[in-house]
């Protein structure tokens, strides 16, 4: 049975071209920097993002935590959004790996009050740690963060000699929505995490880009974290297809999400989150106690969604067609009818 899977854009299967590329990839030992396919992917990605160097790691969590580990010393403070992936979905890794203190600053869907941000920056004293790093996300859930705002955050950070890390897990979605190049987003951060398995279809991997000296240090820290890999060119081959080809079709996912949104609005009582409609996601709620069992019902009909946790999030991707979206939402309509 083929499920219609709306849980995330991480559930996609490899394309036939990716499988073929894995089979034919030239490989070497990446710990010795001998894997030519990976070396080429890292160089290509760094240039694409306007940075000096790049390093491949297994996941987005690994990349973000490697960035914190490399930017900071134990006891340093990192300013992050209260609902940042680093805080909410990385298993409490930051104090375990880096020994940093996370200061979670409340935002309006990813947009901080900049006066408050600046006031929260600490200088090391006998009683306080120092703020070392500011972390942003773009996209922020289903919202794309404006570039002029990112520039203001970056300028505040530089005014206080802080580094900026961008969790760009879906940065290609953000660039698609903004109709710009990824380097135009990346220039407002010193380092950027670029996920290849969210929306882009690669089976594994995130690339961390930044200054060469930083990436050299990160390569050592990656080994400490257990991320040194060997013949990893088979994954780099998929990464090339993800970045060069799959990134060019993201507007289709965005259009399909808007189509799904339109169908959901036809259900009485549905409340769409109007602030998160920029990319391939639809967040919504409904004032109906049956919502708590919607995931079980849909699963029995061949549709996978995440369980209700304050709201629903349906995600489009290249493994879900427009007709399958209609089929899934028709089932949601029937359930609440």
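Where a number appears in this text, it was derived from the coordinates with a stated rule and is not lab data. Being a predicted model, the structure only gives us computed values, none of them experimental. Note that we place each Cβ from the backbone using ideal geometry, even for glycine, and neighbour counts take in every protein chain shown.
Fully extended, how many nm does the chain gain between residue 83 and residue 326 (0.36 nm per residue separation, minus their Cα-Cα distance)?
Numbers: separation 243, 0.36 × 243 = 87.48 nm, distance 3.10 nm.
That works out to 84.4 nm of additional length.
So how far apart, in nm, are the two label points at residue 255 and residue 161 if each is 7 Å from Cα heading toward Cβ?
Roughly 5.2 nm, to one decimal.
Can you give the FRET efficiency to the nearest 0.05 for residue 334 and residue 304, using r as the Cβ-Cβ distance and R₀ = 22 Å?
Numbers: r = 17 Å, r/R0 = 0.77.
E between residue 334 and residue 304, to the nearest 0.05, is 0.80.
So what is the orientation-averaged projected area of the stretch 28-90, using the convex hull of its C-alpha atoms, in nm²?
Working: hull surface 22.6 nm².
Its Cα hull, projected and averaged over all orientations, spans 5.7 nm².
What is the stretch 170-239 by shape, rounded, prolate or oblate, if you read a ≥ b ≥ c off the alpha carbon gyration tensor as root eigenvalues and call it rounded for a/c under 1.5, prolate for a/b larger than b/c, and oblate otherwise?
Details: a/c = 2.84, a/b = 1.32, b/c = 2.15.
Judged from the Cα gyration tensor, the stretch 170-239 comes out oblate (a/c at least 1.5, b/c at or above a/b).
Compute the angle between helix 212-224 and the longest alpha-carbon principal axis of the chain, please, reported from 0 to 90 degrees and rounded to the nearest 10.
The answer is roughly 70 degrees.
Cα axis of helix 250-264 to longest principal axis of the chain: angle in degrees, 0 to 90, nearest 10?
Compared with the principal axis, the helix lies near 40 degrees.
If r is the Cβ-Cβ distance from residue 20 to residue 183 and R0 is 41 Å, what FRET efficiency results, to the nearest 0.05?
Details: r = 29 Å, r/R0 = 0.71.
Taking R0 as 41 Å, the efficiency between residue 20 and residue 183 is 0.90.
With both partners inside the chain, how many of the DSSP beta bridges are antiparallel, as a percent to the nearest 5?
50 percent
Could you list, bin by bin from short to long, the percent of Cα-Cα pairs of the stretch 16-247 in 5 Å steps?
In whole percents, the pair-distance histogram is 1, 7, 15, 20, 20, 16, 11, 6, 3, 1, 0, 0.
Report, in degrees rounded to the nearest 10, the 0 to 90 angle that the Cα long axis of helix 36-48 makes with the longest principal axis of the chain.
90 degrees
On alpha carbon coordinates alone, what is the Rg over Rh value for the stretch 262-337, Rh being the Kirkwood radius?
Working: Rg = 11.7 Å, Rh = 12.8 Å.
Expressed as Rg/Rh, it is 0.91.
Express the C-alpha Rg of the stretch 112-232 as a ratio against the empirical globular expectation 2.2 N^0.38 Å, rounded to two decimals. Before the final figure, lay out the partial values.
Numbers: Rg = 16.0 Å, N = 121, 2.2 N^0.38 = 13.6 Å.
Here the answer is 1.18, to two decimals.
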